[in-house]
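Colleague: Here it is, the structure in full.
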Amino acid sequence: MWKIVATTVGEIEASIIEKLLNSHDIPVLVQKTDVFIHPIFGSSVQCEILVPEDKYSEAIELIQWEGKTVKYTPLYEDHVKLGAKIVEFAGYYMPLQYEGIIPEVHLVRKEVGMFDVSHMGEFICEGPDAVKFANYAVTNDFGSINYGDIIYTAMCNENGGFVDDLLVYKIAPEKVMFVVNAANIDKDFNHLLKLSEKFKVKLENISDETGLIAVQGPKAQEKIQPHVNFDLEEIGYYSFKEGEIFGVKGIISRTGYTGEDGFELYIPANQTAFVWRKLLEIGIKPAGLGARDVLRLEAGLLLYGNDMDDTITPLEASIPWAVKFEKGDFFGKEVLLKQKEEGLKRKLRGVVIEGKLVPRHNMEVYKDGQKIGYVTSGTFSPTLEKPIAFVMIDANVKLNEKVQIAIRDKMVDALVVKTPFYRGSVRSRK
């Protein structure tokens, strides 16, 4: 059996990887999947690089750049040709910005923009216990939602800390899809594999075979509706449907990570560039990770590695609504229940900063001269025209109280507020 070890947009990169692997006696099969001819991009060949299954792990370790594995999404070459500033993020080369972070934020808030999020991980879980297993693996009540719906949830370790925050898609009685953060793909898959041993399920990591484009903004639906083969009104918030966009089959969902309405397009990796370029042709401009991070913080949404990690619990991260103790057993339940009963010592809060100084990750937070926590995420909000932040602080601090953040050797006042900081065109939950 051969397994895809990398997908490239362009023959040069494919050739480099092939030579690298061959030099270590690993057989390689390069398949050209598509050739696109486009007035802007010219001719572009997409290639899949396959190696024998027993050589897969070794091949992954060898595909290195500057001493570490860095992967490419199917849209890497498109980003470069569009003039994006490329950065390494979560093990992938990704676009930080195109025109600029602030104009891209305004684009998504006022009109529509699109993001390459193909670095995200996707796992398919199939079998008689698929729904039962998913419900055990996560904290939210996956069993209570309908087929065609999605749930946001946490996946915990034995200490109640986050393994990851994720989305779970309820596709069919014996089929579920987990969507996880890019930096956690291997860790999450191994965690789920271990938990699945007591269930009649089969897990498959389809991350490398799956492309993902997020179209976000108040005009998202009107822009893409003519090119989808069903009425997008049929998809409620946190729901999805299998269909076609520009004739390409995939899953179209409505969740978002920006505070605006919009859709996620899960499509085959080898057709992602085609759909991306079609979206460009109908006037949808791209936006990068920089704008996406600002948008998600304005919308009061968490980022793994900043606002939570394996030492922080969902209760401390202020998403108690995503922990359903009454649903029955789930992994990490006893630890979380004990924490709830004993009371929280710290809690994630939103703050609005007075002045123009911007708080950053790990800056210290004080109250009455005493250190009470630290900044997890901070930015200047172009939408609100003021700095905002998430802070992990003493749980006794209440809304509308003032705290101080140490920024550039200055103690800057900040007001504790309810989140989200901004709510845009995002739909309401059912």
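Colleague: Using the structure shown, decide if residue 132 is part of a loop (DSSP other than H, G, I, E, B) and in contact (Cβ under 8 Å) with a residue 24 or more places away in the chain.
Modeller: The answer is no for residue 132.
Colleague: Please tell me if residue 198 is of a type in the set (Lys, Arg) and modelled with pLDDT of 95 or more.
Modeller: It is false that residue 198 is of a type in the set (Lys, Arg) and modelled with pLDDT of 95 or more.
Colleague: Search the stretch 176-223 for residues being among the acidic types (Asp, Glu) and touching a helix residue (DSSP H, G or I) at 6+ places or on another chain (Cβ under 8 Å), and hand back the single one that is most open to solvent (accessible area, probe 1.4 Å).
Modeller: Restricting to residues being among the acidic types (Asp, Glu) and touching a helix residue (DSSP H, G or I) at 6+ places or on another chain (Cβ under 8 Å), the top hit is 209.
Colleague: Any residue at all in the stretch 385-408 that's open to solvent by 20 Å² or more (accessible area, probe 1.4 Å), touching a Ser or Thr at 6+ places or on another chain (Cβ under 9 Å) and among the basic types (Lys, Arg)?
Modeller: no
Colleague: Checking the condition open to solvent by 50 Å² or more (accessible area, probe 1.4 Å) and under 26 Å from residue 267 (Cβ atoms), which residue from 58, 111 passes?
Modeller: Being open to solvent by 50 Å² or more (accessible area, probe 1.4 Å) and under 26 Å from residue 267 (Cβ atoms) holds for just one of 58, 111, which is 111.
Colleague: So residue 77 fits all but one of (1) under 24 Å from residue 224 (Cβ atoms); (2) outside any helix (DSSP H, G or I); what number is the exception?
Modeller: Condition not satisfied by residue 77: (2).
Colleague: Could you tell me whether the stretch 81-92 includes any residue that is touching a Lys or Arg at 6+ places or on another chain (Cβ under 9 Å), in contact (Cβ under 8 Å) with a residue 12 or more places away in the chain and either crowded, with 18+ Cβ neighbours inside 10 Å or polar (S, T, N, Q) (or both)?
Modeller: Yes, because at least one residue in the stretch 81-92 is touching a Lys or Arg at 6+ places or on another chain (Cβ under 9 Å), in contact (Cβ under 8 Å) with a residue 12 or more places away in the chain and either crowded, with 18+ Cβ neighbours inside 10 Å or polar (S, T, N, Q) (or both).
Residue by residue, here is whether (1) open to solvent by 60 Å² or more (accessible area, probe 1.4 Å); (2) not in a loop (DSSP other than H, G, I, E, B) holds:
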| site | (1), (2) |
| --- | --- |
| 264 | no, yes |
| 274 | yes, yes |
| 290 | no, yes |
| 294 | no, yes |
| 314 | no, no |
| 317 | no, no |
| 331 | no, no |
| 338 | yes, yes |
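Colleague: Looking only at the stretch 250-275, filter to residues that are at pLDDT 95 or above and of a type in the set (Ser, Thr, Tyr); which one of those is nearest to residue 78 (Cα to Cα)?
Modeller: Restricting to residues being at pLDDT 95 or above and of a type in the set (Ser, Thr, Tyr), the top hit is 272.
Colleague: Applying the selection to the stretch 363-379, what residues are within 21 Å of residue 305 (Cβ to Cβ) and either open to solvent by less than 50 Å² (accessible area, probe 1.4 Å) or modelled with pLDDT under 95 (or both)?
Modeller: 363, 365, 373, 375, 376, 377, 378, 379
Colleague: Restricted to the stretch 229-262, and to residues that are of a type in the set (D, E, K, R) and not in a loop (DSSP other than H, G, I, E, B), which residue is nearest to residue 298 (Cα to Cα)?
Modeller: Taking the candidates together, the pick is 233.
Colleague: Please verify whether the stretch 88-95 includes one or more residues that are in contact with a Gly (Cβ under 9 Å, 6 or more places away or on another chain) and farther than 30 Å from residue 333 by Cα.
Modeller: yes
The values are calculated or read from the model by the stated rules, or taken from the named source; none is laboratory data. These figures come from a predicted structure and were not determined experimentally. A quick note on method: Cβ atoms are made from the backbone with ideal geometry, for glycine too, and the neighbour counts reach across all protein chains shown. Note: accessible area is taken over every heavy atom of the protein model, side chains too, but ligands, DNA and RNA are not part of it. Shrake-Rupley method; radii C 1.70, N 1.55, O 1.52, S 1.80 Å.
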